[in-house]
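Accompanying notes for the structure given below.
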Amino acid sequence: MSLSSLEGSLHRGCGGRYAQHTERVTVRLSGMAAEVDRDFFRCEKCGHEQRTIEQRDAAEKSATEQIRAANGLLSPKEIRQLREELGLTSAQLADVCYGTPRGIVAGWEKGRYLQNRDADALLRSLRDPEVFEYRVGRAGVVPAGREAVGGEGAAVEVAGEVDAPSTDDATAPSYRDSTAP
Ligand SMILES: [Zn+2]
């Protein structure tokens, strides 16, 4: 049973019937925005409108795809592949992206959250071995297949050379559908 089938259903308030319509809305995600078509139901008799979770989710999904394409952001699959290539768990990847909650990083891979441009740039920067070593060293993370090093800072010799992006604010996503009706 899905709420997405309000089509033809009764509006008890007036005895009219709901029919599906489409509206153009702006969906904002992680500081970026996309214009998408969103379905909604309107009572043909009194004009009462209803927007279901399914309709909102569909619009958000479409906005996510549009924003991802427009900004060239890594896909959830690409983020997972990158993490696996680096030998990190998603919790470790979160630690390497200082200040990013672990659930957010896991959400990037599930497509539940959309990384903003700064977070995306940070993820890509990890492909650079110097940046990667610097960040895992600072985070105290030991990638899979490596021995834990005893001494602090053993893996951070390149620290001074690296211009690591600052992400304290950048990686905190705002993932609300802030569309105005
Ligand atoms: Zn009505």
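The values are calculated or read from the model by the stated rules, or taken from the named source; none is laboratory data. Remember, it's a predicted structure, so these values are computed and weren't measured experimentally. Positions of Cβ are backbone-derived with ideal geometry, glycine not excepted, and every protein chain shown enters the neighbour counts.
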task: Quick one: S125 ticks every box in (1) at pLDDT below 90; (2) farther than 16 Å from G31 by Cβ; (3) of a type outside the set (K, R) except a single one, so which number is it?
output: (1)
query: Can you pull out the residues in the range 1-18 that are surrounded by 14 or more Cβ atoms within 10 Å (Cβ to Cβ) and within 16 Å of the ligand (Cβ to nearest atom)?
result: L6, S9, H11, G16, R17, Y18
query: Which of the residues belonging to the range 50-62 are loosely packed, with under 15 Cβ neighbours inside 10 Å and not in a strand (DSSP E or B)?
result: I53, E54, D57, K61
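Yes/no per residue for (1) under 22 Å from R117 (Cβ atoms); (2) under 18 Å from the mean Cα position of the chain (by Cα); (3) assigned by TED's automatic domain parsing to the domain that holds I104; (4) modelled with pLDDT of 95 or more:
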| position | (1), (2), (3), (4) |
| --- | --- |
| L3 | no, no, no, no |
| E7 | no, no, no, no |
| T22 | no, no, no, yes |
| E44 | no, no, no, yes |
| H48 | no, no, no, yes |
| E54 | no, no, no, no |
| K61 | yes, yes, no, no |
task: Determine whether the range 36-49 contains at least one residue that is in a helix (DSSP H, G or I), surrounded by fewer than 17 Cβ atoms within 10 Å (Cβ to Cβ) and away from the ligand (no atom under 16 Å from the Cβ).
output: no
query: If you check R17, R24, which single one turns out to be assigned to a strand (DSSP E or B) and touching a Leu at 6+ places or on another chain (Cβ under 9 Å)?
result: R17
query: Are any of the residues in the range 12-25 among the hydroxyl-bearing types (S, T, Y) and free of Cβ contacts under 8 Å to residues at least 60 places away in the same chain?
result: yes
message: Let me confirm something: among I67, I79, I104, which residue is buried (at least 17 other Cβ atoms within 10 Å of the Cβ), touching a Pro at 6+ places or on another chain (Cβ under 9 Å) and not charged (D, E, K, R)?
response: I104
